[in-house]
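Read the structure below first, then the notes.
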Amino acid sequence: MRSLVEGTDVKTRPLSVAILGAGAAGLCMAIKLREAGVEDFTIFEKASSVGGTWRDNTYPGSGCDVPSMLYSYSFEPKPDWSRKFAPQPEIVDYFETVARKYRLLPNIRFNTEITEARFDEEEGLWRIRAADGTEFMANVLISGVGQLNRPAYPKIEGLNDFKGVAFHSARWNHDVDLAGKRVGVIGNGASAIQFVPEIAPKVARLTIFQRTPNWCVPKPDRPFKEWEKGLYRSFPFLARIQRWWTWMMLERNYLAFVQGSFFGKLFEKAALKEMETHIKDPELRRKLTPDYPAGCKRILLTNDWYPALARPNVEVETSHIARVTADSIVTEDGVAHPVDVIIHATGFESTDFLAPMKIVGRGNADLNHVWARGAEAHRGVAVSGFPNFFMLYGPNTNLGHNSIIFMIECQANYIAQCVAALRNSRLRYIDVRKEAMESFNRDLQQDMQKTVWAAGCSSWYKTADGKVTNNWSSFTAKYWWEMRHPDFEEYALQGG
Ligand code: NAP
């Protein structure tokens with residue numbers, strides 16, 4: 001085996017793996033590599049602790065909209081989640097506990113941001129550079145940075161002139177006391193619907209600048225009772241059954257994401273009923289009613305968003321933002337909305353995937369250039385021309401209906417088998433064949449056309465040109481089936 005040691009002579013090193021990111025994906029990958037007998041791995045983490053996007057999103061009310069029993073690894077169930085849908089601190093605690101239990105911390109290099117990786121074809125290894133200029137080498141490079149790690153800031157004229165405080169929901173400024181302030185929230189997605197109900201009772205005035213309304217359905221959340229936790233602790237198989245049942249129920253929801261489906265209409269009906277229960281003002285109802293099929297943008301699960309919007313100190317502004325001045329947000333209808341604080345709930349740079357990292361494969365190909373017309377990969381994990389490089393939660397692996405942890409586990413199992421094959425067969429590298437990758441993506445994009453993700457709305461699932469680069473197009477069961485084992489016919493294998 002080759003090891004990952006700074007500056008060592010490559011020819012004397014055993015097989016080594018570099019994993020980028022110590023979030024849900026990176027930690028899972030490390031565990032699966034250990035299971036496959038690969039001990040020589042390093043996780044590079046730009047922050048000083050584990051948890052990825054869950055560590056970063058500390059805004060009030062932050063939590064998961066996927067049931068906790070399924071938002072945890074299948075091999076590491078947690079019988080005592082406090083609620084059906086866990087809050088953010090509990091999720092971070094879960095990943096910290098996993099990192100400790102599986103002895104991953106010694107393998108994590110914290111405070112190390114990787115900016116560049118180049119494949120050395122001759123040696124069959126990746127030369128990896130950190131932001132501080134330190135260089136590392138590894139035979140295999142695995143990205144676990146996911147799709148939601150870089151906040152997207154709106155490009156609005158005058159933002160720099162704003163004299164109040166402005167921050168992004170994913171970089172919440174806890175030093176700012178919002179009590180009695182006039183707050184402008186830009187955006188109304190999954191993050192905004194969680195923190196707006198938390199801050200609305202405290203602030204003097206809250207204006208939500210909405211471009212597009214979302215479909216919102218009730219969240220079937222409640223605390224787990226002590227006897228339920230006791231049962232799951234005493235009889236772990238019950239927790240497994242619960243997990244499996246939850247997966248089945250969410251899997252069924254995929255049917256709602258097929259364009260024109262009966263199930264989709266049921267979602268829309270439930271969402272409209274929920275709105276009518278809480279929003280009595282017909283004008284506000286009109287503003288909040290989407291004109292695109294449910295699921296085209298992420299369906300939002302919430303019990304307190306509409307009640308928050310109905311508060312007298314909350315306003316939904318639908319005239320688009322024209323500019324920002326020193327003390328207000330001016331909308332296109334010419335109205336100036338005075339604000340002390342602006343919160344950007346504007347989501348993430350989701351379609352850029354690995355940017356701004358520079359990943360350079362065979363023939364000096366830069367992955368950001370290869371993906372200029374939209375990212376794509378083979379089964380979401382490999383890209384032709386980038387040997388010994390794998391991704392977790394890569395292109396076309398996001399979901400609208402089930403748990404991403406399930407997808408990550410499928411990928412980690414698959415990649416661990418590729419790494420084991422590299423080691424056992426003493427290969428220099430494996431590189432997915434262009435034809436295999438193209439054929440996979442042709443089928444995927446064709447399949448995508450029948451889903452609501454390809455319908456006519458803008459979303460973080462697709463590029464400005466309308467190519468859906470983020471979502472998986474089918475049931476997760478199909479993905480699991482196809483990812484059980486790598487088909488090495490799909491790869492070019494280069495001997496050592
Ligand atoms: P998002 O869903 O992408 O929402 C961004 C919002 O900002 C949208 O309402 C968007 O409007 C608006 N926006 C963007 N740029 C704007 C601009 N220049 N001017 C005005 N409005 C602008 O982002 P998010 O709410 O952070 O959620 C992103 C994803 O993170 C979620 O879909 C989910 O997968 C994940 N997340 C998950 C949870 C969870 O519970 N598991 C919680 C939070 C987030 P348009 O719709 O018109 O583009």
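Some points to look at:
- Residue in the stretch 117-126 that is in a strand (DSSP E or B), among the acidic types (Asp, Glu) and away from the ligand (no atom under 13 Å from the Cβ) present: yes
- Where ARG286 falls short, out of the listed (1) closer than 19 Å to GLY189 by Cβ; (2) away from the ligand (no atom under 11 Å from the Cβ): (1)
- Failed item, numbered, when LYS287 is tested on (1) within 30 Å of the chain's Cα centre (by Cα); (2) closer than 30 Å to GLY385 by Cβ: (2)
- Which listed residue is within 27 Å of ARG34 (Cβ to Cβ) and not hydrophobic (A, V, I, L, M, F, W, C), from ARG433, ARG426, ARG442: ARG426
- Cβ-Cβ under 9 Å pairs, at least 6 apart or on other chains, the stretch 336-355 side of a type in the set (Phe, Trp, Tyr), far side assigned to a strand (DSSP E or B) and within 11 Å of the ligand (Cβ to nearest atom): PHE348/PRO151
- Summed over the stretch 44-73, the residues that are within 14 Å of the ligand (Cβ to nearest atom), assigned to a loop (DSSP other than H, G, I, E, B) and either hydroxyl-bearing (Ser, Thr, Tyr) or under 16 Å from VAL196 (Cβ atoms) (or both) give a count of 10.
- Out of ALA416, ALA436, one residue alone is in contact with a helix residue (DSSP H, G or I) (Cβ under 6 Å, 6 or more places away or on another chain), surrounded by 21 or more Cβ atoms within 10 Å (Cβ to Cβ), modelled with pLDDT of 95 or more and part of a helix (DSSP H, G or I). It is ALA416.
- When ARG442, ARG428 are checked against the criterion of being among the basic types (Lys, Arg) and either touching a residue at least 60 places away in the same chain (Cβ under 8 Å) or assigned to a loop (DSSP other than H, G, I, E, B) (or both), ARG428 stands alone in meeting it.
- Out of ALA412, ALA454, one residue alone is out of contact with any Pro (no Cβ under 8 Å at 6 or more places or on another chain), in contact (Cβ under 8 Å) with a residue 24 or more places away in the chain, farther than 28 Å from SER16 by Cα and away from the ligand (no atom under 15 Å from the Cβ). It is ALA454.
- Of ALA464, ALA492, all but one fail to be within 16 Å of the ligand (Cβ to nearest atom), aliphatic (A, V, I, L, M) and outside any helix (DSSP H, G or I); the exception is ALA464.
- Top-ranked residue in the stretch 278-304 [being among the polar types (S, T, N, Q) and surrounded by fewer than 20 Cβ atoms within 10 Å (Cβ to Cβ); ranked as nearest to PHE262 (Cα to Cα)]: THR289
- In the stretch 145-167, the residues that are within 9 Å of the ligand (Cβ to nearest atom), in contact (Cβ under 8 Å) with a residue 60 or more places away in the chain and out of contact with any Lys or Arg (no Cβ under 7 Å at 6 or more places or on another chain): GLN147, LEU148, ALA152, TYR153, PRO154
- Within the stretch 198-213, the set of residues being more than 7 Å from the ligand (Cβ to nearest atom), in contact with a Lys or Arg (Cβ under 9 Å, 6 or more places away or on another chain) and not hydrophobic (A, V, I, L, M, F, W, C) comprises PRO201, LYS202, ARG205, THR207, PRO213.
- Scanning the stretch 384-400 for residues that are modelled with pLDDT of 95 or more and closer than 18 Å to TYR254 by Cα gives ASN396, THR397, ASN398, LEU399.
- Answer residue from the stretch 1-19, given it is touching a helix residue (DSSP H, G or I) at 6+ places or on another chain (Cβ under 7 Å) and buried (at least 22 other Cβ atoms within 10 Å of the Cβ) and is modelled with the lowest pLDDT among those: LEU15
- Applying a threshold of 9 Å to beta carbon distances and a minimum spacing of six or more residues, or different chains, the list of pairs starting in the stretch 375-393 at a residue that is within 18 Å of ALA138 (Cα to Cα) and surrounded by 24 or more Cβ atoms within 10 Å (Cβ to Cβ) and ending at one that is polar (S, T, N, Q) and modelled with pLDDT under 95 reads PRO387/GLN494.
- Qualifying residues in the stretch 343-376 (those that are farther than 17 Å from ARG150 by Cβ and out of contact with any Phe, Trp or Tyr (no Cβ under 9 Å at 6 or more places or on another chain)) - the one nearest to the ligand (Cβ to nearest atom): GLY374
The values are calculated or read from the model by the stated rules, or taken from the named source; none is laboratory data. Since we're looking at a predicted model, the values are computed, not measured. Cβ sites come from the backbone with ideal geometry, for glycine too, and all protein chains shown count toward neighbours.
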